[in-house]
1. Taking F93 and the conditions (1) open to solvent by less than 20 Å² (accessible area, probe 1.4 Å); (2) outside any loop (DSSP other than H, G, I, E, B), which numbered condition does it fall short on, given that it satisfies the others?
2. Looking only at residues in segment 551-592 that are open to solvent by less than 80 Å² (accessible area, probe 1.4 Å) and among the aromatic types (F, W, Y), which one is modelled with the highest pLDDT?
3. Hey, could you check segment 158-176 for residues that are in a loop (DSSP other than H, G, I, E, B) and either in contact with a strand residue (DSSP E or B) (Cβ under 8 Å, 6 or more places away or on another chain) or open to solvent by 60 Å² or more (accessible area, probe 1.4 Å) (or both) and say which is modelled with the highest pLDDT?
4. From the residues in segment 29-79 that are closer than 24 Å to D290 by Cβ and among the charged types (D, E, K, R), which one is surrounded by the fewest Cβ atoms within 10 Å (Cβ to Cβ)?
5. Take the residues in segment 546-568 that are part of a loop (DSSP other than H, G, I, E, B) and hydrophobic (A, V, I, L, M, F, W, C); name whichever of them is nearest to the chain's Cα centre (by Cα).
6. State the number of residues belonging to segment 508-530 that are open to solvent by less than 60 Å² (accessible area, probe 1.4 Å) and either part of a helix (DSSP H, G or I) or in contact with a strand residue (DSSP E or B) (Cβ under 6 Å, 6 or more places away or on another chain) (or both).
7. Just to be sure I understand the filter: pairs with C-beta atoms under 7 Å, separated by 6 or more residues or on different chains, first member in segment 408-431 and more than 18 Å from G511 (Cβ to Cβ), second member of a type in the set (D, E) and at pLDDT 85 or above. Which pairs pass?
8. Kindly evaluate S66 against the criterion of being of a type in the set (S, T, N, Q) and part of a strand (DSSP E or B).
Amino acid sequence: MADPSSYRPQPGQIPDSPGVYRFRDEHRRVIYVGKAKSLRQRLANYFQDVAGLHPRTATMVTTAASVEWTVVSTEVEALQLEYSWIKEYDPRFNVKYRDDKSYPSLAVTLNEEYPRVQVMRGPKKKGVRYFGPYAHAWAIRETVDLMLRVFPVRTCSAGVFKRSAQIGRPCLLGYIGKCSAPCVGRVTPEEHRELAEDFCDFMAGRTGAYLSRLEKEMHIAAEDMEYEKAARLRDDIGALRRAMEKNAVVLADATDADLIAVAEDELEAAVQIFHVRGGRVRGQRGWVTDKVEAVDTAGLVEHALQQLYGEEKGESVPKEVLVPALPEDTPALAQWLAERRGSQVSLRIPQRGDKKALMETVHRNAQQSLALHKTKRASDLTTRSRALEEIAEALELDGAPLRIECFDISHLQGDDVVASMVVFEDGLARKSEYRRFQVTGRVGDTQVWHGEGQDDVRSMHEVVSRRFRRYLVEKSKTGEWDPQDGEDGPPEDDGKPKRFAYPPQLVVVDGGQPQVAAAKRALDELGIDDVAVCGLAKRLEEVWLPGEDDPVVLPRTSEGLYLLQRVRDEAHRFAIQYQRSKRGKRLKSGPLDEVPGLGESRKQALVKHFGSVKKLRQATIDQICEVPGIGRKTAETVAAALAGAAPAGPAVNTATGEIIEDETPAPAGASSERGTEQ
């Protein structure tokens, strides 16, 4: 634990300017990022008597070993840089919100020739118009089903669309009038895009004008005695009104606002956001966070604004943002939001009327979300704690294994041998710590074996050795360990989280006695004696320990066994995924991949120009030069490479054994039987 006075900057060193500062620990990892109007005044607060600091702040400054800062011109620049650094370094003492669920949104893919309406989750994509998020995917589908009657926009996947275009028949939605069937040319691309844009306008809240237009058309049709058309328009109006009724009117028609409420206690905080567009609640989402830094409600609001709008632009940022407390740098935040939207944004606390009443509703949702989160976490924490205690007792460990790492080997009949490492902390998967290995037969600078064939034991020894050699390299920075001769020194430290910096309390291998013995031998060779090892055999789910002739048998109802199974299965899934990826790349490789300096774009241009690799092989150098982007030197290299490559055999239909008459040769191994992944 460091004394803050040991790294306190000298008087006069800190500028009296806006800026962003970073605290680093003894390993040079960034542990806290902050911003300030005056760096001198803000940093001085951290170097007063530790006893007078907030407990969380005191923990941070005593964990830190140095501080550095960057001066910027304005508070808005400081806000942007702080957001970028928190996202880049993931500091342990900064508040980081996590979604309590993955919320679905209604998306319209305006970046496609024929825009598609669909449910989307995850990060937003460029050129896609989003509405929501919604609490449930079924709510989106019900809304879309009602609106497709009026706006028959495409909802099918690319495969279904292509298939319908090939056979010249639309899907069922095209027959029942819920798709305009652009796949078979019933509407032009321009007409279909206009439908999609009308759909977006209606979802964005511009409903009144559209309904008025439909009502006017209905009356005109009735007057002209076009009763079928008038009835259809009447039904369209009814469908749109039913869709609108799913979002109750809460504010005036023209109101576009986001309402943010916070519920908190000493340890945690929950944030709820209501998205109001056109006076109706169009979406809702929530976050939960641990209060790892000394932060009040205004600070929580500021962090929420950064996370909510950090990646947004244009209309995704509303005209008005209503909050329960104004952050310290409200003018800078308002300016930052305005820059992201492209126009003025109002950031304020609602004082009276409908907006204040709606804010109270949002706050009640935040309180309920926090209470529900605590209930779930207490239950989950109890179960996980019991599982870790059972593992510690069964394996006779000194304490509960708070960090567990599991290794698995995967290959296909001895080819493409790979390994996975998954990490569980406090009984939960830590996916950012997962790692993949390509088994090469090397440990350090030594070629231990050729890395070929089906040998899980030697592969396990290699992978565990490589993982813990990296750990020892990280330890060398503190002087606790000197790298062996031939081992590369530690890389330049930039404060970012390191891959192998933290040791586990327990290593789990997928296998029995041989794999456990190999992992234990790897640790012994490196002199590591404070990490426990066990193996979980698939056949009877037995737990094997090093040097033991008999396995440890945990009850089938044991929470500890269930946790070990989850860890093992996750490692197996991750290894299989990597192995399939490598195999797929290998099978897709062809003779053009061996041509030096020939990129993907020019390879595609060559194949497209000649129609197949076979015809390209028969072409002259002058004919190859006719391809745009291919010079004579490249053409000569391509011709020489193809002349030296043996032509591939004919493609074979594996179901019938029939040779496929195709100009394009099948990838190597296309007709081979499928092996068994291990």
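The values are calculated or read from the model by the stated rules, or taken from the named source; none is laboratory data. Just so it is clear, the model here is predicted, and its values are computed rather than measured. Here the Cβ positions follow ideal geometry from the backbone for every residue, glycine too, while neighbour counts run over all protein chains shown. The area values use the complete protein model at the heavy-atom level, side chains included, leaving out ligands, DNA and RNA. Shrake-Rupley method; radii C 1.70, N 1.55, O 1.52, S 1.80 Å.
1. (2)
2. F574
3. By that ranking, first place goes to R169.
4. Filtering first and then ranking leaves R56.
5. L554
6. Total satisfying the criteria: 12.
7. V423/E405; V423/E433; A429/E570
8. Details: of a type in the set (S, T, N, Q): yes; part of a strand (DSSP E or B): yes.
Spelling it out, S66 is indeed of a type in the set (S, T, N, Q) and part of a strand (DSSP E or B).
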